[in-house]
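Beneath this line is the structure, given in structure tokens, with notes to follow.
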């Protein structure tokens, strides 16, 4: 009796593909999307909730509180600079413990000092992104890296609540950002590798929705703590994150794909059997895996020799002129989009609206952005969409600065702010998809990682501009808009990728460029 007759599951697998691949193997063993996979995907995606909370928590903890005069004399006027008034003539509207600005008397400090904590967080994200990005693919794995990142971010956040000065606070925010850097990537990769190809797009959207939920929940938590210490906001967001990290450690499985590629065949088999439904589990016999491993090793030997880490991939991108031009273009676009995406929520308190309502409306505007990416990405051109949303975001952001000071146009200004933020969210979603299609498989992960880092660089600069623009929004919203629109215009030099088949190697992409022909679409012969 042949092996195929002994193992019907293996026979079906061989009929499905002429060459047995690891993706097909995992999909046949655990199915497309079962109940266990659903629970795993939800649990892993919840990391984005805490990621969003720590990304925007400084909007409330580092805000400039409002104040009022306590003297009827002419020495105190509400339209004067607070630093020009005697200390005994005014008082904060909220208790001094409500913000680090009032708690540590930073109201007259330079914009560099007051914006340092938020900038430190994003600089930490930038440093952590470069130093930790390869660990999930190499020694640590997706699950362990997710646990480690969440643990660093959450524990550091708890310690931040006990900061005694701006310098200690900024240093801890840097460490929190350093740990947070890989949470989004690890969560997204792990959740999508636990399900079949058919459901990977939908599972990815679950992650984005969790980020939106985390963003929306933040003003609610801050509102419930209104009048209490800013330190309580950190504890309310970070203690649940510690509990979540423990749950992930004990109840989430490592990616079967990573386990096999790292030679952990025992754990690979155990994970597949645990995730598989009961009907399939009985067919996952020892003889099935013995035959399967033999076939996989012979078919994957070529693929293994093509693996590239981040740093060798960067070298490849720099050596090829066309690749470097594309990379610099998408990185600059990401920088401009990042300034708007992170800068607008940080500066929305300066528009004169209720900060809790403003942040909630901004967070809600991410929902239609995710839905557009989910339903329309297959129908909309990448080049035109990215250009359009980048320009719209920039124009609306500049508009926010130009109408400042007009009470009649207050709600119009808020509408421009929301439209700018929505456009930035949508532009970033399209930018990630566009980047995936602009680069061949051999350097694709590296290119996407660089674009994500450029977003963080824009985020690191935005708090300083927000501080500079407290008295004149042209220095914050104006610069955000100019950068988004200017860098967005660079899209015109990129090729359109909608409907095209993706190249796998640099040589394949280069041959098409040398022939000066388009990459054939999926419908072409």
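The values are calculated or read from the model by the stated rules, or taken from the named source; none is laboratory data. Because the structure is predicted, anything quoted here is derived from the model rather than measured. Cβ atoms come from the backbone with ideal geometry, glycine included; neighbour counts cover every protein chain shown.
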Notebook entry, point to check: Out of all the residues in region 462-482, which are more than 23 Å from residue 107 (Cβ to Cβ) and within 20 Å of the chain's Cα centre (by Cα)?
Noted result: 480
Check: List pairs: first in region 468-492 and buried (at least 18 other Cβ atoms within 10 Å of the Cβ), second modelled with pLDDT under 80 and part of a loop (DSSP other than H, G, I, E, B), Cβ under 6 Å, 6+ apart or cross-chain?
Finding: 473/404; 475/469; 476/469
Notebook entry, point to check: Can you find even one residue in region 233-251 that is outside any helix (DSSP H, G or I) and at pLDDT below 95?
Noted result: no
Notebook entry, point to check: Looking at 360, 426, which is the one that is in contact with a helix residue (DSSP H, G or I) (Cβ under 6 Å, 6 or more places away or on another chain), closer than 23 Å to residue 491 by Cβ and part of a helix (DSSP H, G or I)?
Noted result: 426
Next item on the list: Could you look through region 91-118, keep only residues that are farther than 19 Å from residue 227 by Cβ and surrounded by 19 or more Cβ atoms within 10 Å (Cβ to Cβ), and pick out the one that is modelled with the highest pLDDT?
Entry: 117
Note to self: List the residue pairs whose Cβ atoms are under 8 Å apart, where the first residue sits in region 376-399 and is at positive phi, the second is in a helix (DSSP H, G or I), and the two are 6 or more positions apart or on different chains.
What the structure shows: none
Checklist line | Residue count, region 159-174 (criterion: loosely packed, with under 15 Cβ neighbours inside 10 Å and outside any helix (DSSP H, G or I)) | finding: 3
Notebook entry, point to check: Of the residues that make up region 168-189, is at least one farther than 19 Å from residue 152 by Cα and modelled with pLDDT under 90?
Noted result: yes
